Amino acid sequence: MEIRMWLPTTTALLILTASATGAVEPYFDDDKKQQAVGVQHAIYSDDFEMADSLGRLLSERYSDDPLGPFCRAAALLGKMFDREEAIDTERFFAWLDEADSLATAPSDTASPNRAAWMAFYRGHVRSYRALWESRFGSSVRAIRSGYSARSEYERGLEIDSTCYDLYLGLGLYHYWKSAKGGILRRLKILKNEMERGVAELRLAADSSAISREAARNSLIWVRVDRKQYDSAIVVSREMAERFPRGKLFLWPLAEAYYRSEDYEQATHVYHQLRNKLATDPGNFYNLIECDYHLYRCYDELDRDDEARAVARCVTEYLSEIPEETGRRQCSKLAFLMRKAQR
């Protein structure tokens, strides 16, 4: 299974900064913050249409602010990752372009707080491009966008070091470029900054305004990557209980159980995922993923009849699998088909 890291939707800062003329209003007021949180929770609940609707309302209410188009892009990226399918890409990139343009527009009256948030948006626009490219496009473009995002985050912290939400983007960059650096890290072409990334993600989880849940989700996958399965399971279960309609936190929970060889618990979570996917399998990528891991779990548990039954499920939807999904999942499909014929 591919690691399903999740970057945040939007964040907010509620710290009042002082100036020579008195207190400066924070970028987010309470109402704006509540709406931004609502978008994030809708995404975590797999309610992508609601998330998009909330983003549209934000665009109408704050027409000169990047928050609305950014939320709509976040909702669509969440839907694409949930379905493992590049859909509505023109709209996705149009919303990113709009958010970037609004975040780049000069403002002589911008406070340091607002200016830092504009750097946050510019960084996340580039991070979202990197995520899209890494999953559906070019790894080279993904790397370039990732470097560009890092620069924006660092620029934001230079403006306002109390904008802790910026550490979420930096933490993701520093950890995963190090963890996936491979031979470049071993040759010391890339520095190993995994510990720095973990520290930054923890700071975001502890001190950011509304990025705490996104940072916790990111730390779950870091723990899975570092084989810290027990702690990954604890946090995944907690988050899955908070968002029972969504699948986002069930994936790392299933993965952690599977990798820790707790196959009994893994079967329960993969069945939860499968039941959710059965009503809307999309391009069938994730349904194949569930059936493959369920077979593996039952096989490890010596429950041969249940393993064969799972393998035979693929024959029920084989003719509906799109060609692209068939190419991406060809090895797992071939494995299940062999097992189904026994």
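Give the residue list of GluC sites (Glu not before Pro) in the stretch 201-272 that are DSSP loop and have at most 13 other beta-carbon atoms within 10 angstrom. Within the stretch 201-272, the qualifying GluC sites (Glu not before Pro) (loop, at most 13 other Cβ atoms within 10 Å) are E261.
As a footprinting exposure proxy, order H174, H41, H124 by other Cβ within 10 Å, with the fewest listed first.
Values: H174 23, H41 18, H124 31.
With the sparsest Cβ surroundings first, the list reads H41, H174, H124.
Our summary gives the stretch 210-342 a relative contact order of 16 percent, counting only alpha carbon pairs under 8 angstrom and 6 or more residues apart.
Helix 250-259 and the long axis of the chain differ in direction by around 50°, with both axes built from C-alpha atoms. How big is D, in µm² s⁻¹, for the chain by Stokes-Einstein at 4 °C and 1.567 mPa s if Rh is the Kirkwood radius over C-alpha pairs? Reported coefficient: 61 µm²/s. Counting only Cβ charges, +1 for Lys and Arg and -1 for Asp and Glu, the dipole size of the chain around its Cα centre is about 1220 debye. Rounded to the nearest 20 debye, the dipole size of the stretch 215-262 about its Cα centre is 200 debye, using +1 on the Cβ of Lys and Arg and -1 on the Cβ of Asp and Glu.
Based on alpha carbons, the Rg and Dmax found for the stretch 252-340 are 12.3, 34 Å. When you restrict to C-alpha pairs under 8 Å that are six or more residues apart and normalise by the size of the stretch 17-226, the relative contact order lands at 13 percent.
Using a Gaussian network model of the chain in which every pair of alpha carbons under 10 angstrom is joined by a spring, one finds that among R83, R216, R144 the greatest mean-square fluctuation is at R144.
What size of dipole, in debye to the nearest 20, comes out for the stretch 72-142 about its Cα centre when the only charges are +1 on Lys and Arg C-beta atoms and -1 on Asp and Glu C-beta atoms? Kindly include the intermediate steps, with their values, before the conclusion.
Details: 10 positive and 10 negative charges, 35 e Å.
The calculated dipole for the stretch 72-142 is roughly 180 debye.
Using bins of 5 Å that start at zero, the share of Cα-Cα pairs per bin across the stretch 253-302 amounts to 5, 25, 33, 21, 12, 5, 0, in whole %. Taking the C-alpha atoms only, the angle from helix 139-159 to the longest principal axis of the chain is near 40 degrees.
Close Lys pairs in the chain (alpha-carbon distance under 19 Å; sequence gap of 8 or more, or different chains): 9.
Only the coordinates and a few stated rules stand behind these numbers; no lab work does. Keep in mind that what you see is a predicted model, and the values were worked out from it rather than measured. A quick note on method: Cβ atoms are made from the backbone with ideal geometry, for glycine too, and the neighbour counts reach across all protein chains shown.
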